[in-house]
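Below you'll find the structure, written out as structure tokens, and then a few comments.
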Amino acid sequence: MELLSGNQAIAQGAWEAGCQIGVAYPGTPSTETMETFAKLPDVYAEWAPNEKVAVEVGAGASAAGTRVLATMKHVGVNVAADPLFTLAYTGVGGGMLILTADDPGMHSSQNEQDNHFYARAAHIPMLEPSDSQEAHDMAKVAFELSERFDLPFFIRSTVRISHAKSPVEVGERENFTPKQYKKNPAKWVMMPAFAIGRRASLDQRVDAVTAWADETPLNRIVPGDGSDDGDIGVICTGAIYQYVRDALPEARILKLGVTWPLPKLKIQNFAFGVKHLYVVEEASTYLSEQVRALGIKLDQPENPLPRDGELDPWAIQIAFGKRVPTHTDTPEDLPARPPALCAGCPHRPVFRELGRLHAIVVGDIGCYTLGALPPLSAMDTTLCMGASVSMGHGFELALHHTEHRPIVSVIGDSTFGHSGLESLLGTVYNSGIGTICILDNRTTAMTGQQGDMFNGITLQHRPTRELNMAQVVRALGVDDVEEINPNNIKAVREALQRATKADDRLSVLIFRSPCVQLKDSFVRQKPLHVDEEKCTTCGVCVSIGCPALSSDLDSGIAHIDEVQCVGCKQCQQYCAFHAIKED
Ligand SMILES: Cc1ncc(C[n+]2csc(CCOP(=O)(O)OP(=O)(O)O)c2C)c(N)n1
């Protein structure tokens, strides 16, 4: 018995099923799944540049006969959607399991999409665990199911399943012999002539898996505690099952472990057996719509369940009239503590200087998105990974003749490799102009310091080459490329001024300095301190938003917290009065 998170349990289950190849792009809350898998014996695992590539590498390995695990967060499935929809047509060779880790409540995401809808739209069966043991068991069985029905399988988790730990009975690794690869264009070449045949075959395979969904014990009825006569029936899945157990112990529950295709007969029979039938689901209407589509009438709780955000047992009790919302656990006067760029973060000076330029900053996703928050407040948009470069091109097209403020796209190194490259190609191809800042902190910091093509670190630390970012950008057709140390404020200011003054060309500025959390490459220096005699209380140092810096509420004199200060000297360069000292 081991105490595993849902992510770890999925990795373990896949490994026990004899899965040999893992491919992923990191994304909270999915990331630790592939990190765990990569450390297990006799497997090959890699980070792909993005989720589409991950699924395609996986599709190749599956077509060739091996069992494959691909993992991503919910929005990663958007990126991978193109191969996924057709992968249901081709089916698999070796079994293929795809983790979609959804993030209701948006703890670490730009949206709250419910990927049940992908399963249904793409015809990819979806398994859905309620704890780590189920995550393990479902991952283990998924490969055989994928081969049996000739379909890739999804396993859907949400943040509470991905990250909460519970005991798991682990097992031995199955000795899976990869299937012999046989050329079969009618299955694998999805040109219309063959795809039409596979479309018909897809319907048959979906029929077969639908019949199975009605029989499998993965969809099961859990009786209530007997305190009523089974009046209340609840249909739910995943983490919500645990909440319903807590909140409504008397309810009879149809606990769905397969959320697409749904077990129609089981749902109908369950509905007949209870007086009041409810669907409890999180930030979505997927399940209730599907149940209603079977012609089943659903009851509504006394108060509506929240339409967005995460559920919890209390919210369910409030909806069912069992608890009155009387107090909030958090005093309302508690000061908000929004996240901030770390002390010494090399992204900070770029945002500070962009603010001075009054630039329109077209942002992207990563730690650097925090440049949008006060006091830097230097970001106008963030949409999805890679969008900064292409949206910046769009801003230029729309505003070139009317707007005198510079338009600057800001993107991180991993995000640039994920989808910024294609955007840059589009801008170059269409003779776009403007300034693009690549914030190269030598890692994928936001998701926990994963390797990427520009830092030359692979998931299993296999030898590789580190791509030279400047060379790559020049090879894509950009002539004006400059590399700058972002900790040198004067250099940052001059580079930005030079690039943004030119209104006839595309400039790419690469700001390179390691993330302060990178133990191997960032060297912490002695903390700085403020000479109180010299501090004029002008507040400029504090305006860079470093968490190590504050000013006294009464006197206004600046103060450096020596525990947090890493000695980057950014603030020192902003102090015109030489009040920040090294010793
Ligand atoms: C399609 C998609 N995949 C994954 C993520 C999760 N994610 C957000 S930003 C990011 C990469 C950040 O790395 P980088 O661009 O190097 O910036 P840093 O955090 O290092 O500043 C990842 C993996 C996401 N939001 N969307």
Residue count, the range 370-389, condition of a type outside the set (D, E, K, R) and surrounded by fewer than 20 Cβ atoms within 10 Å (Cβ to Cβ), comes to 8
Unmet requirement for Ile232, which otherwise passes all of (1) closer than 18 Å to Arg156 by Cα; (2) touching a His at 6+ places or on another chain (Cβ under 8 Å); (3) among the aliphatic types (A, V, I, L, M): (1)
Do you know which residues across the range 518-546 are buried (at least 16 other Cβ atoms within 10 Å of the Cβ) and farther than 29 Å from Asp480 by Cα? Pro527, Leu528, His529, Val530, Cys535, Cys538, Cys541, Val542, Ser543, Gly545, Cys546
For the range 527-544, does any single residue satisfy the condition of being touching a residue at least 60 places away in the same chain (Cβ under 8 Å), outside the structural domain of Gly355 (by TED's automatic domain parsing) and touching a helix residue (DSSP H, G or I) at 6+ places or on another chain (Cβ under 8 Å)? yes
Would you check which residues across the range 12-34 are within 16 Å of the ligand (Cβ to nearest atom) and surrounded by fewer than 22 Cβ atoms within 10 Å (Cβ to Cβ) and list them? Thr28
Sort out which residues of the range 59-74 are within 16 Å of the ligand (Cβ to nearest atom) and either under 19 Å from Met453 (Cβ atoms) or in a helix (DSSP H, G or I) (or both), and write them in order of number. Ala70, Thr71, Met72, His74
Check Gln471 against each of (1) within 16 Å of the ligand (Cβ to nearest atom); (2) within 30 Å of Ala38 (Cβ to Cβ); (3) at pLDDT 95 or above and name the one condition it does not meet. (1)
Can you spot a residue in the range 348-362 that is in a loop (DSSP other than H, G, I, E, B), surrounded by 22 or more Cβ atoms within 10 Å (Cβ to Cβ) and within 16 Å of the ligand (Cβ to nearest atom)? no
When both residues are 6+ apart or on different chains and their Cβ atoms are under 8 Å apart, which pairs have a first residue that lies in the range 38-65 and is in contact (Cβ under 8 Å) with a residue 40 or more places away in the chain, and a second that is crowded, with 19+ Cβ neighbours inside 10 Å and among the aromatic types (Phe, Trp, Tyr)? Ala45/Phe37; Trp47/Tyr25; Pro49/Tyr25; Asn50/Tyr25
Quick check, is Ala122 modelled with pLDDT of 95 or more, farther than 30 Å from Glu310 by Cα and either outside the structural domain of Cys384 (by TED's automatic domain parsing) or among the basic types (Lys, Arg) (or both)? no
Please verify whether the range 175-187 includes one or more residues that are of a type in the set (A, V, I, L, M), in contact (Cβ under 8 Å) with a residue 24 or more places away in the chain and touching a helix residue (DSSP H, G or I) at 6+ places or on another chain (Cβ under 8 Å). no
Being in contact with an Asp or Glu (Cβ under 8 Å, 6 or more places away or on another chain) and under 26 Å from Lys187 (Cβ atoms), is that true of even one residue in the range 26-44? no
Find all pairs meeting these conditions: Cβ atoms under 8 angstrom apart; at least six residues apart or on different chains; first residue within the range 93-116 and closer than 16 Å to Ala70 by Cβ; second residue in a loop (DSSP other than H, G, I, E, B) and within 12 Å of the ligand (Cβ to nearest atom). Leu99/Ser30; Thr100/Ser30; Ala101/Gly27; Ala101/Thr28; Ala101/Pro29; Ala101/Ser30; Asp102/Gln113
Of all residues making up the range 85-105, the number that are surrounded by 24 or more Cβ atoms within 10 Å (Cβ to Cβ), within 16 Å of the ligand (Cβ to nearest atom) and either in a loop (DSSP other than H, G, I, E, B) or of a type outside the set (Asp, Glu) (or both): 6
Taking the condition of being part of a loop (DSSP other than H, G, I, E, B) and aliphatic (A, V, I, L, M), how many residues in the range 457-497 meet it? 5
Would you say Leu383 is more than 9 Å from the ligand (Cβ to nearest atom), out of contact with any strand residue (DSSP E or B) (no Cβ under 6 Å at 6 or more places or on another chain) and not in a loop (DSSP other than H, G, I, E, B)? no
Which of the residues belonging to the range 420-435 are within 16 Å of the ligand (Cβ to nearest atom) and either in a strand (DSSP E or B) or aliphatic (A, V, I, L, M) (or both)? Leu421, Leu424
Quick one: would you say Pro325 is out of contact with any helix residue (DSSP H, G or I) (no Cβ under 6 Å at 6 or more places or on another chain), surrounded by fewer than 12 Cβ atoms within 10 Å (Cβ to Cβ) and closer than 29 Å to Asp114 by Cβ? no
Quick check on this structure: which one of Pro249, Pro263 is more than 33 Å from the chain's Cα centre (by Cα) and not assigned by TED's automatic domain parsing to the domain that holds Val159? Pro249
If we keep only residues of the range 265-318 that are among the hydroxyl-bearing types (Ser, Thr, Tyr) and in contact (Cβ under 8 Å) with a residue 40 or more places away in the chain, then the residue surrounded by the fewest Cβ atoms within 10 Å (Cβ to Cβ) is Ser284
By residue number, the members of the range 499-520 that are within 12 Å of the ligand (Cβ to nearest atom) and not in a loop (DSSP other than H, G, I, E, B) are Phe511, Arg512
Do you know which residues across the range 60-78 are buried (at least 24 other Cβ atoms within 10 Å of the Cβ) and touching a helix residue (DSSP H, G or I) at 6+ places or on another chain (Cβ under 7 Å)? Arg67, Val68, Leu69, Ala70, Thr71, Met72, Gly76, Val77
State whether one or more residues within the range 436-456 are assigned to a strand (DSSP E or B), buried (at least 18 other Cβ atoms within 10 Å of the Cβ) and more than 16 Å from the ligand (Cβ to nearest atom). no
Regarding the range 394-406, can at least one residue be identified that is within 16 Å of the ligand (Cβ to nearest atom) and not charged (D, E, K, R)? no
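The values are calculated or read from the model by the stated rules, or taken from the named source; none is laboratory data. Just so it is clear, the structure is predicted and the values come from calculations on it, not from any experiment. Virtual Cβ from ideal backbone geometry, glycine too; neighbours counted across all protein chains shown.
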